[in-house]
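Enquirer: There's a structure below that I have some questions on.
The values are calculated or read from the model by the stated rules, or taken from the named source; none is laboratory data. All values reported here derive from a predicted model rather than from experimental measurement. Glycine also receives a Cβ, built like all others from the backbone with ideal geometry; neighbour counts cover every protein chain displayed.
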Ligand code: CP
Ligand code: NVA
């Protein structure tokens, strides 16, 4: 594994190896065992969109691994003034040991990897959010003991989160079902249908039926603020709530990548009932990303 750009590039075995290392790093951290596996290494973190979890977990994670992280806002970088990504990649490769980037186009992340000579990690694009999905699978695995054979339901937009969960879910042998309105299907649908147990349905209760984990995300992602009104209409029946959760298994988890919009994609009641799972999920960003950093940069 040279880069971490999308789960389509990562094998089931590589995912498994990351989960195992993440478990170990989590254990070591909880027991105060230092693990300076990236001593002297520097990660650059380019942000073209806002972030709380991604920024803080990568920065803290690099520190805990004995290295350091630089927060590079596109507002300050020359990339924000039009310097080509090809040049940025070649320059940053001379200073840093790895780059994490959050941006709009997946192509920009792929270009950074192609033109640079150091590992690149996708910290969210319009197409994918692979680090979040890895934290999500780690959390399901922790709570349920395994992944293969479990059913994952996604309710809402066929967005970056849906794409990564569907591809990753299929790779680890989960059944995946998405409930979304017409016109909001995930880009990876054809691949998923051909490669695993994947369905698209229109009714959230049907997706949730027999599910071990029910996942949702915002109706309008970063960069789609202009469509918020239209999306509010399109997604008004695509909410995770106690009514739909009746169809899931009695011990089903509810997951959300955060930030959450209570009263839109999830009710306050359902969110708070499952807050333990949702914040475990947020915590696991730290552990799983440290494992990815070690795999790529050690
Ligand atoms: N879930 C997630 O990526 O959160 P941030 O946007 O806060 O980084
Ligand atoms: N789909 C959301 C995820 C945020 C972590 C977005 O792209 O804004």
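Enquirer: So which residues in region 9-50 are within 13 Å of ligand 1 (Cβ to nearest atom) and surrounded by fewer than 17 Cβ atoms within 10 Å (Cβ to Cβ)?
Expert: 49, 50
Enquirer: Same structure, new question: Do the conditions hold for residue 260, that is, is it outside any strand (DSSP E or B), in contact with a strand residue (DSSP E or B) (Cβ under 8 Å, 6 or more places away or on another chain) and within 14 Å of ligand 2 (Cβ to nearest atom)?
Expert: Yes.
Enquirer: Right, another one. Out of (1) touching a residue at least 40 places away in the same chain (Cβ under 8 Å); (2) away from ligand 2 (no atom under 14 Å from the Cβ); (3) closer than 22 Å to residue 143 by Cβ, the odd one out for residue 215 is which?
Expert: Looking at each condition in turn, residue 215 falls short on (2).
Residue by residue, here is whether (1) more than 30 Å from residue 35 (Cα to Cα); (2) within 16 Å of ligand 1 (Cβ to nearest atom); (3) modelled with pLDDT of 95 or more holds:
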residue	(1), (2), (3)
244	yes, no, yes
250	yes, no, yes
257	no, yes, yes
267	yes, no, yes
282	no, yes, yes
286	no, yes, yes
292	no, yes, yes
298	no, no, yes
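Enquirer: Mind counting the residues in region 169-180 that are in contact with a strand residue (DSSP E or B) (Cβ under 9 Å, 6 or more places away or on another chain) and closer than 9 Å to residue 137 by Cβ?
Expert: The qualifying residues number 2.
Enquirer: Let me confirm something: among 162, 194, 207, which residue is surrounded by fewer than 24 Cβ atoms within 10 Å (Cβ to Cβ) and assigned to a helix (DSSP H, G or I)?
Expert: Within the list 162, 194, 207, the selection yields 194.
Enquirer: Now, a different point. Restricting attention to region 221-235, and to residues there that are within 12 Å of ligand 2 (Cβ to nearest atom) and touching a residue at least 60 places away in the same chain (Cβ under 8 Å), which single residue is nearest to residue 278 (Cα to Cα)?
Expert: 221
Enquirer: Shifting gears a bit: Looking only at region 211-236, count every residue that is more than 16 Å from ligand 1 (Cβ to nearest atom), part of a loop (DSSP other than H, G, I, E, B) and either surrounded by 13 or more Cβ atoms within 10 Å (Cβ to Cβ) or modelled with pLDDT under 95 (or both) and tell me the total.
Expert: The total comes to 3.
Every residue, every condition in (1) within 16 Å of ligand 2 (Cβ to nearest atom); (2) in contact (Cβ under 8 Å) with a residue 24 or more places away in the chain, yes or no:
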| residue | (1), (2) |
| --- | --- |
| 13 | no, no |
| 30 | no, no |
| 33 | no, no |
| 54 | yes, yes |
| 65 | no, yes |
| 103 | yes, yes |
| 111 | no, yes |
| 115 | no, yes |
| 120 | no, yes |
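Enquirer: Same structure, new question: Residue check, residue 278 against (1) under 17 Å from the mean Cα position of the chain (by Cα); (2) away from ligand 1 (no atom under 16 Å from the Cβ), all met but one. Which one?
Expert: Failed condition: (2).
Enquirer: Output yes when any residue across region 99-121 is surrounded by fewer than 18 Cβ atoms within 10 Å (Cβ to Cβ) and closer than 27 Å to residue 278 by Cα, and no when none is.
Expert: Yes, region 99-121 has at least one match.
Enquirer: Would you mind stating whether residue 135 is surrounded by 22 or more Cβ atoms within 10 Å (Cβ to Cβ), in contact with a helix residue (DSSP H, G or I) (Cβ under 9 Å, 6 or more places away or on another chain) and closer than 27 Å to residue 259 by Cα?
Expert: So residue 135 passes the test.
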